[in-house]
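Notes follow the structure.
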Amino acid sequence: MSLDARGALLLASWLSPAYPVGAFAYSHGLEQAAEAGLLPDAAALQAWLEAILRHGAGRSDAVLLAAAWRDPDDPAPAELAAALQPSAERALEATAQGEAFARTTLAVRGHSGAPAPLPVALGRAARREDLPLAETAAAYLHAFASNLVSAAIRLSVLGQTEAQAVIAALAPVCEAVAAEALAADPEDVGGACLAVDLSSIFHETQTTRLFRS
Amino acid sequence: MLDAARPATATAAPGRALARQPRAEGEGRVSSKIRAGRSRLDGLYQRGSAKCMLPTVYEGAALEAVLLNTAGGLTGGDRFDWTAEAGAGSHLVTTTQTAERVYRAQPHEGPARVRTRLRAGPGATLEWLPQETILFDGGALDRRLEIDLAPDAAFIGVEPLILGRAAMGETVREARFRDAWRLRIDGRLVWADGLRLEGDVGALAARAATFGGRICAATAVVAGPGAEAAVVSARNLLASFPGPGAEALGAASRVNGVATVRILARDGRALRRMLAPLLELWRGGSLPRPWTM
């Protein structure tokens with residue numbers, strides 16, 4: 001399977017900020033990290049996001065997306081993706097976006113299926129449309145990172161042009177993580193981003209909040 | 001004492017690095033049952049380098065089991081299987097005799113493998129309170145913790161981790177660590193966790209998003225009827241510690257009805273200063289004796 005124009009447009013629409021999954025409402029703990037002074041500039045943001053992609057939810061999501069793509073009827077990836085959460089808000093971020101994605105994709109393309117966190121729902125939908133796995137996983141990671149960069153702009157961590165430089169720098173990381181995730185054992189998920197996890201937990205008791213996570 | 005038990009592994013001279021180390025294997029199983037209002041030993045099995053000791057505990061109605069790796073640490077190719085089961089209505093507390101040290105593995109040996117299965121029956125309480133795992137430079141450990149609870153069983157569990165021996169200026173340059181948790185209630189997976197450290201672990205832990213330059217971490221959970229109260233009590237306790245920039249940082253949340261706590265700390269003492277009161281608060285009593293020896 002290779003990515004043709006039809007597939008590229010399908011991925012572009014599913015991962016566009018216009019697809020109503022509510023991605024703009026989630027910061028993956030970024031809001032608290034910024035508040036705590038952990039993201040003083042664009043370089044700090046880029047390092048933070050690169051760690052999430054390589055050693056955090058990015059890699060785990062790509063591994064679970066791949067498992068869901070390989071066997072869309074297997075309930076295990078959805079169960080593991082929902083359980084593999086360090087906090088209430090991260091669990092909400094994963095499951096609410098997955099439910100919204102499934103609802104819209106059912107209405108638009110007639111896909112039905114059990115509820116699943118976003119990477120699993122996307123992996124299943126991509127398989128139903130015969131979209132290639134590596135490109136789907138890389139595009140998912142790129143949309144995930146872009147959404148967090150967009151959150152960082154709203155949090156005044158960096159400006160628009162700097163933001164695009166960060167996204168450009170993270171693109172090869174998305175590609176590399178997607179390629180590695182394709183070869184990984186679906187049970188070998190998890191990471192090392194404990195400070196990111198702590199940020200999302202501290203966010204739950206933060207008093208002033210723009211984001212739901 | 002345990003460092004001395006395996007001197008060749010801990011301080012292997014470079015010229016002898018490929019000398020074959022003896023592999024340690026062991027299997028330990030312990031279970032409890034309720035009789036006359038007290039938790040008693042139901043079954044005990046131990047083989048190889050795995051030992052379960054049952055100290056006399058004069059307070060409370062729980063059975064306490066102290067697990068010990070008599071090989072004095074883990075190296076490449078070691079294999080341990082532990083099973084602890086609290087039968088219906090009983091209360092089983094498991095801890096370890098000492099910190100578990102993960103020493104340098106030779107490249108051809110593969111990682112040490114540790115599998116732990118924990119089960120709690122109807123109305124039972126199971127506590128998994130091992131002391132720290134200390135990962136030394138070159139260490140390789142693949143660990144998996146599978147927890148299966150009856151719908152109304154209670155569980156408290158923790159895994160504290162220390163990277164190297166900071167007091168001696170040692171850093172972990174190259175290591176591999178996998179720590180997977182799978183927690184099921186009534187057969188349904190409700191919480192999972194995976195810690196994955198690989199390669200230059202010192203450089204990885206230095207990043208702001210991972211350990212933020214700290215060398216100690218702990219994950220602690222409470223599942224069952226007391227989970228919601230455990231989130232509230234943990235938040236109150238952890239809020240009493242100093243905030244960002246402090247020697248230890250910890251916070252509590254909930255996922256699928258399971259109370260979860262993450263802690264990052266500058267050193268082993270700072271980790272214990274936060275972790276010990278948290279566990280004591282959750283269990284409503286002091287920690288098992290090996291923790292204070």
Take the solvent-accessible surface of the protein heavy atoms, probe 1.4 Å, and return the percent of it on the protein assembly as shown that carbon and sulfur atoms account for. 54 percent
Once Rh is set to the Kirkwood radius over Cα pairs, what Stokes-Einstein translational diffusion coefficient, in µm²/s, holds for the stretch B:23-292 at a temperature of 25 °C and a viscosity of 0.890 mPa s? 131 µm²/s
Give, in nm to one decimal, the length gained when the segment between B:Tyr58 and B:Glu170 is fully stretched (0.36 nm per residue of separation minus the Cα-Cα distance). 36.3 nm
Longest to shortest principal axis, alpha-carbon extents of the stretch A:27-203, angstrom: 44, 32, 30
About the Cα centre of chain A, how large is the charge dipole given +1 on each Lys and Arg Cβ and -1 on each Asp and Glu Cβ? Please answer in debye to the nearest 20. 560 debye
Just report the Cα centroid separation between the stretch B:164-215 and the stretch B:102-156, whole Å. 13 Å
Per residue of A:51-58, count partner chain C-beta atoms within 10 Å of its C-beta, then hand back the mean as an integer. 3
B/A buried area, accessible surface, summed, 1.4 Å probe, Å²: 2700 Å²
Quick check: with the 1.4 Å probe, what order do B:Tyr45, A:Tyr19 take by accessible area, largest first? B:Tyr45, A:Tyr19
Nearest-10 value in Å² for the accessible area of A:Asp74, using the 1.4 Å probe: 50 Å²
State the Kirkwood hydrodynamic radius of the protein assembly as shown in Å, one decimal place, computed from all pairs of distinct Cα atoms. 23.6 Å
Taking each pair of different alpha-carbon atoms in the stretch A:82-175 once, compute 1/r for the pair, average those values, and report the inverse of that mean as the Kirkwood hydrodynamic radius in Å to one decimal. 14.7 Å
How much FRET efficiency would the formula 1/(1 + (r/R0)^6) give for B:Leu44 and B:Thr292, where r is the Cβ-Cβ distance and R0 is 22 Å, rounded to 0.05? 0.35
Contact order normalised by residue count of the stretch B:23-292, Cα under 8 Å, 6+ apart, percent: 13 percent
How many Cβ atoms of partner chains, on average, are near each residue of B:263-272 if near means within 10 Å of its Cβ? 1
Which of the residues in the stretch B:203-246 show a loss of at least 40 Å² in accessible area from their chain by itself to the complete set of protein chains, at a probe of 1.4 Å? B:Arg207, B:Ala208, B:Ala209, B:Thr210, B:Arg235
Taking every DSSP beta bridge that has both residues in the protein assembly as shown, what percent is antiparallel when rounded to the nearest 5? 45 percent
In the neighborhood of B:Asp42, defined by Cβ-to-Cβ distances under 15 Å, what is the net charge if each Lys or Arg adds +1 and each Asp or Glu adds -1? +4
Tell me the mean residue ellipticity at 222 nm calculated for chain A from its helices only (DSSP H runs of n ≥ 4, each -39500 (n - 2.57), averaged over every residue, nearest 500). -21000 deg cm²/dmol
For a Förster distance of 45 Å, can you work out the FRET efficiency between the beta-carbons of B:Val232 and A:Met1, rounded to the nearest 0.05? 0.35
Starting from the Cα of A:Asp74, step 7 Å along the direction of its Cβ; do the same at B:Ala276; then give the gap between the two resulting points in nm. 4.5 nm
Estimated [θ] at 222 nm from DSSP helical runs (n ≥ 4, -39500 (n - 2.57)) normalised by residues in chain B, nearest 500: -4000 deg cm²/dmol
Compute from the Cα atoms of the stretch B:33-146 the Rg and the Dmax, the latter being the longest Cα-Cα distance, and quote both in angstrom. 15.5, 53
Cα centroid separation, the stretch B:216-293 to the stretch A:44-116 (Å): 28 Å
Average other protein chain Cβ within 10 Å of Cβ, residues B:194-202: 3
Of all DSSP beta bridges with both partners in the stretch B:23-292, the antiparallel percent, nearest 5, is 45 percent
Within the set of other residues whose C-beta is less than 11 Å from the C-beta of A:Met1, count the net charge using Lys and Arg as +1 and Asp and Glu as -1. -3
Could you work out the local net charge near B:Ala270, counting Lys and Arg as +1, Asp and Glu as -1, over the other residues with Cβ closer than 12 Å to its Cβ? +3
Residues in the stretch B:82-118 that a label on B:Ala36 would reach, taking backbone N under 18 Å of a point 7 Å out along Cα→Cβ: B:90-91
Which order do peptides B:57-68, B:249-260 fall in by mean Cβ count within 10 Å, highest first? B:249-260, B:57-68
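The values are calculated or read from the model by the stated rules, or taken from the named source; none is laboratory data. Here the structure is a predicted model, which means the values were calculated and not measured. Positions of Cβ are generated from backbone atoms using ideal geometry, with glycine treated the same way; all protein chains shown enter the neighbour counts. Note: areas computed on protein heavy atoms with side chains; ligands, DNA, RNA excluded. Shrake-Rupley method; radii C 1.70, N 1.55, O 1.52, S 1.80 Å.
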